[in-house]
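Report on the structure given below.
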Amino acid sequence: MIGLVDLGISNIFSIRNALKYLGYKVRLINKPNDFNNIKSLILPGVGAFKEGMVALEKKKLTSSLIERVNKGLPFLGICLGMQMLASRGYENGETRGLNLIEGQVKKLNFKKNYPVPNIGWCDVSIKRDSILFESNKAKSFYFLHSYYFSCSEKSSIVATIKFADDNIPVVINKKNIFGIQYHPEKSFENGIDNLNRFIKFL
């Protein structure tokens, strides 16, 4: 059973449909007891960092989520869900994150030819081996974001994209914890393959 956290602020049904397409059973996580008997956990999200953390707190999911992930439950954060892994974010005010991977969520720097938000297809440069990818060959994914995870734990950075003068982390991994900035459900074969590879990590 795959647990899919429902923050109530974004459309999670496209992710659920992608998981069902792959043949997996899905349970929506709305209360602490919903974590029971799941084999992996996915936190998708669209929107602001502060809104995401407030939504998690309102449903009283934060403590249970952190406890189970720290005990080894495989976890995948998608888009805002990846950013919420950070120690702190600055979207709509400074807000404490889940602090599962050390770092801060900052706004992308606007420069000529690099508009904010970053919308569309980007080639991802894979920096190290990961179960999310078959090889270290660059792949293309669909992005929609104005903020990025500035990861302090350099060993946790799996892949980046080039944005203006910076290399932005877009895939992170620390033990059982994974995060991807792009939208796998909108990234066709590459995105579906990502989801499948994560679940096979079990």
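Key figures
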read-out: Selection within the range 98-133 - surrounded by fewer than 17 Cβ atoms within 10 Å (Cβ to Cβ) and aliphatic (A, V, I, L, M); value: V116, I119, I131
read-out: Residue that is modelled with the lowest pLDDT [pool: residues in the range 188-202 that are exposed (fewer than 14 other Cβ atoms within 10 Å of the Cβ) and among the charged types (D, E, K, R)]; value: K200
read-out: When residues of the range 83-97 are limited to those that are over 13 Å from A48 (Cα atoms) and within 13 Å of the chain's Cα centre (by Cα), the one surrounded by the fewest Cβ atoms within 10 Å (Cβ to Cβ); value: L85
read-out: Extreme residue, modelled with the lowest pLDDT, among residues of the range 11-44 that are among the polar types (S, T, N, Q) and in contact with a helix residue (DSSP H, G or I) (Cβ under 7 Å, 6 or more places away or on another chain); value: S14
read-out: Test for G45: is it under 15 Å from the mean Cα position of the chain (by Cα) and closer than 20 Å to Y142 by Cβ; value: yes
read-out: Filter result (assigned to a strand (DSSP E or B) and over 21 Å from L73 (Cα atoms)) within the range 166-200; value: D166, N167, I168, P169, V170
read-out: Residue within the range 51-61 that is of a type in the set (V, I, T) and within 20 Å of F178 (Cα to Cα) present; value: no
read-out: Any hit, the range 59-69, residues being closer than 22 Å to K175 by Cβ, surrounded by fewer than 21 Cβ atoms within 10 Å (Cβ to Cβ) and among the acidic types (D, E); value: yes
read-out: Conditions (1) closer than 19 Å to V171 by Cα; (2) aliphatic (A, V, I, L, M); (3) buried (at least 19 other Cβ atoms within 10 Å of the Cβ): number failed by L73; value: (3)
read-out: Given (1) in a strand (DSSP E or B); (2) among the small types (G, A, S); (3) at pLDDT below 95, number of the condition G47 does not satisfy; value: (1)
read-out: Residues of the range 27-42 satisfying the condition of being under 18 Å from the mean Cα position of the chain (by Cα) and surrounded by 18 or more Cβ atoms within 10 Å (Cβ to Cβ); value: I29, S40, L41, I42
read-out: In the range 138-152, the residues that are at pLDDT 95 or above and not small (G, A, S); value: F141, Y142, F143, L144, H145, Y147, Y148, F149, C151
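The values are calculated or read from the model by the stated rules, or taken from the named source; none is laboratory data. Nothing here was measured: the structure is a model prediction, and the numbers come from that model. Every residue, glycine as well, gets a Cβ built from its backbone with ideal geometry; the counts of neighbours run over all protein chains shown.
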